[in-house]
Amino acid sequence: MGLKKKTDTIVDTEAQSDEKRSAERTQEQLIADLASADSSTKRWAIRDLANTENAHKVFLERLPTENDPTVIEALFSALEHNMTDADASQLITMLKSEQVQLRNGAIELMQQNPDLFAQNVHKLMQDEDPDTRIFCVDIIGAVAHPEALNWLHHIALNDDNENVVGTALDKLAEVCNASTYDILQTVESRFPNHAYITFVISLIRNQLGSA
């Protein structure tokens, strides 16, 4: 018997995959596939569920329990479009996750949906966890939203955590305008002995002066 060419094997594998994908699958079966031990099965399920009713709800419920990086990436990709305020509220909870990929994925989706982020920004600003408030500042610095500068001003003037304020000043150094100059003295007086905050405020003043 002659050896089977590698290309024939690839064709056979692709044909089997297409046949499996074209088979009728109910939504319940696809949801069950998300708990499969096989990563490929889970990614196929995500693709086939993507345009079905309640798909976002299913994906957001799956994310905190998923450990495979490729499946987590596929879940976040499937969530990129047609997000709702309810979706955004659930994503916010992932900012507290111990999984770096979950936190980063949630931040990226918030950055891609500035209007939804804006509806939740004040909740994030008031979160009791300083790390969550720092993530909020990071998102503000990346979103193209007309209120971004005002949000950063508010955080610099009102947050009581020096790391949060320092991060807000970092972002202000990138986006500041003449209105920022008016808040700097107040922020400086709140943290008179903090070397880094003093340094960034001086940097912003120099930038505004040269502009």
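The values are calculated or read from the model by the stated rules, or taken from the named source; none is laboratory data. Computed from a predicted structure; not experimentally measured. Here the Cβ positions follow ideal geometry from the backbone for every residue, glycine too, while neighbour counts run over all protein chains shown. The accessibility values were calculated without ligands, DNA or RNA, using every heavy atom of the protein model including side chains. Shrake-Rupley method; radii C 1.70, N 1.55, O 1.52, S 1.80 Å.
For segment 22-135, which whole-number percentage of the solvent-accessible area (1.4 Å probe, protein heavy atoms only) is attributable to carbon and sulfur atoms? Answer for segment 22-135 is 47 percent, counting heavy atoms of protein chains only.
Under 21 Å between C-alpha atoms is the cut-off here; go through the chain and count lysine pairs that meet it, provided they're at least eight residues apart or on different chains. Please report the intermediate quantities before stating the final value.
Values: Lys20/Lys42; Lys42/Lys57; Lys57/Lys96; Lys96/Lys123; Lys123/Lys171.
Summing the qualifying lysine pairs gives 5.
Can you pull the percent of Cα pairs in segment 61-145 with separation above 17 Å?
Working: 1464 of 3570 pairs.
Above the 17 Å cut-off, segment 61-145 has 41 percent of its Cα pairs.
Please report, in debye to the nearest 20, how large the charge dipole of segment 58-211 is about its Cα centre when each Lys and Arg carries +1 at its beta carbon and each Asp and Glu carries -1 there. Don't jump to the answer; show the numbers that get you there.
Values: 8 positive and 23 negative charges, 88 e Å.
Computed about the Cα centre, the dipole is about 420 debye.
For segment 53-211, the solvent-accessible area of protein heavy atoms averages 51 Å² per residue (probe radius 1.4 Å; ligands and nucleic acids excluded). Solvent-accessible surface (1.4 Å probe) assigned to Val71 amounts to roughly 0 Å². The candidates Val137, Val175, Val58, arranged from most to least accessible area with a 1.4 Å probe in the full protein assembly, appear as Val175, Val58, Val137. Report the net charge of residues surrounding Asp85, where surrounding means a beta-carbon distance below 14 angstrom and charges are Lys +1, Arg +1, Asp -1, Glu -1. Cβ neighbours under 14 Å give a net charge of 0.
Note on segment 105-203: Cα Rg divided by 2.2 N^0.38 Å, N the number of residues, gives 1.02.
Work the Kirkwood hydrodynamic radius out for segment 32-106: mean of 1/r over every pair of different alpha-carbon atoms, inverted, in Å. 12.3 Å is the Kirkwood radius here. With N as its number of residues, the chain has a Cα radius of gyration that, divided by 2.2 N^0.38 Å, comes to 1.39.
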